[in-house]
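The values are calculated or read from the model by the stated rules, or taken from the named source; none is laboratory data. All values derive from a computational prediction rather than experimental measurement. FYI the Cβ positions are ideal-geometry reconstructions off the backbone, even for glycines, and counts take in every protein chain you see. Note: accessible area is taken over every heavy atom of the protein model, side chains too, but ligands, DNA and RNA are not part of it. Shrake-Rupley method; radii C 1.70, N 1.55, O 1.52, S 1.80 Å.
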Amino acid sequence: MPCAWAPVQIAGHIAVCRAFAAVYIRNHSAELHDGRNGMSFTGIDAVVYGVANMDKCRAYFSDWGLKKISAGKTRTVFATRDGSEIVLRPRGAKDRPKAIQAGSTVREIVWGVTSKADLKRVEKELSKDRTVTVDKDGTVHATDDFGLGIAFRRTRRTKLKDTRRPMNSA
């Protein structure tokens with residue numbers, strides 16, 4: 001099915017990405033955190049999918065309640081309430097990392113950091129053992145050890161206000 005993912009599958013992708021980040025950061029903590037000016041990772045800023053059917057995927061994420069930020073023939077961006085993004089690209093897009101599995105799948109995970117200095121440190125560390133590219137906007141792109149595209153940018157997420165009503169818990 002081109003884009004008939006269940007929310008559980010999407011949550012699974014994000015859980016795997018978070019687990020990878022925890023392991024990566026733990027294993028590289030000496031390089032990524034110097035004790036004085038440690039980097040501030042804010043979490044997943046975007047997930048980029050390569051999809052077989054752009055129209056069905058746009059409908060799916062719209063139905064799921066995400067806000068469409070932009071839409072075109074080769075790129076559609078949705079945002080969550082905090083500004084995290086879901087980016088849809090055609091499966092055959094040549095300017096994105098190769099797929100790590102057949103079919104419609106995650107092509108790149110974009111991590112948020114708080115400063116340009118953090119981006120420079122990420123770029124320096126990743127450059128030690130892999131090819132790194134940097135976009136005009138400063139986003140750092142590479143491929144992880146498993147072949148998954150990873151990127152780092154200054155976060156675009158915003159802190160949400162807690163709008164829950166207080167409950168009587170006494």
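The criterion of at least 3 residues that are in contact (Cβ under 8 Å) with a residue 40 or more places away in the chain is met, among strands (runs of 3 or more DSSP E) falling completely within region 76-146, by 85-90, 105-113.
Considering region 97-106 alone, what residues qualify as being within 12 Å of residue 144 (Cβ to Cβ) and buried (at least 19 other Cβ atoms within 10 Å of the Cβ)? Across region 97-106, the qualifying residues are 97, 106. Residues in region 107-125 that are touching an Asp or Glu at 6+ places or on another chain (Cβ under 7 Å) and hydrophobic (A, V, I, L, M, F, W, C) were compared, and the one that is nearest to residue 148 (Cα to Cα) is 110.
Residue-wise test of (1) touching a Gly at 6+ places or on another chain (Cβ under 7 Å); (2) within 14 Å of residue 50 (Cβ to Cβ); (3) at pLDDT 95 or above; (4) open to solvent by less than 50 Å² (accessible area, probe 1.4 Å).
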residue: 82; (1), (2), (3), (4): no, no, no, yes
residue: 88; (1), (2), (3), (4): no, yes, yes, yes
residue: 95; (1), (2), (3), (4): no, yes, no, no
residue: 121; (1), (2), (3), (4): no, no, no, no
residue: 147; (1), (2), (3), (4): no, yes, no, yes
residue: 152; (1), (2), (3), (4): no, no, yes, yes
residue: 164; (1), (2), (3), (4): no, no, no, no
residue: 167; (1), (2), (3), (4): no, no, no, no
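Give the residues of region 147-170 that are part of a loop (DSSP other than H, G, I, E, B) and either of a type in the set (Lys, Arg) or within 11 Å of residue 111 (Cβ to Cβ) (or both), sorted by residue number. Reasoning before the result, please.
To start, the set of residues in region 147-170 that are part of a loop (DSSP other than H, G, I, E, B) comprises 147-148, 155-170.
Listed by number, the residues that qualify are 155, 156, 157, 159, 161, 164, 165.
Looking at region 5-14, can you tell me whether even one residue there is farther than 28 Å from residue 161 by Cα and at pLDDT 85 or above? No, there is no match, as no residue in region 5-14 is farther than 28 Å from residue 161 by Cα and at pLDDT 85 or above.
As a summary of the residue check, residue 52 satisfies the conditions (1) modelled with pLDDT under 95; (2) open to solvent by less than 50 Å² (accessible area, probe 1.4 Å) except for the one numbered (2).
Quick check on my filter: what residues within region 97-119 are charged (D, E, K, R) and modelled with pLDDT under 90? Correct list: 98 only.
Hey, among the residues in region 125-145 that are among the polar types (S, T, N, Q) and touching a Lys or Arg at 6+ places or on another chain (Cβ under 9 Å), which one's most open to solvent (accessible area, probe 1.4 Å)?
Only one residue tops the list, namely 143.
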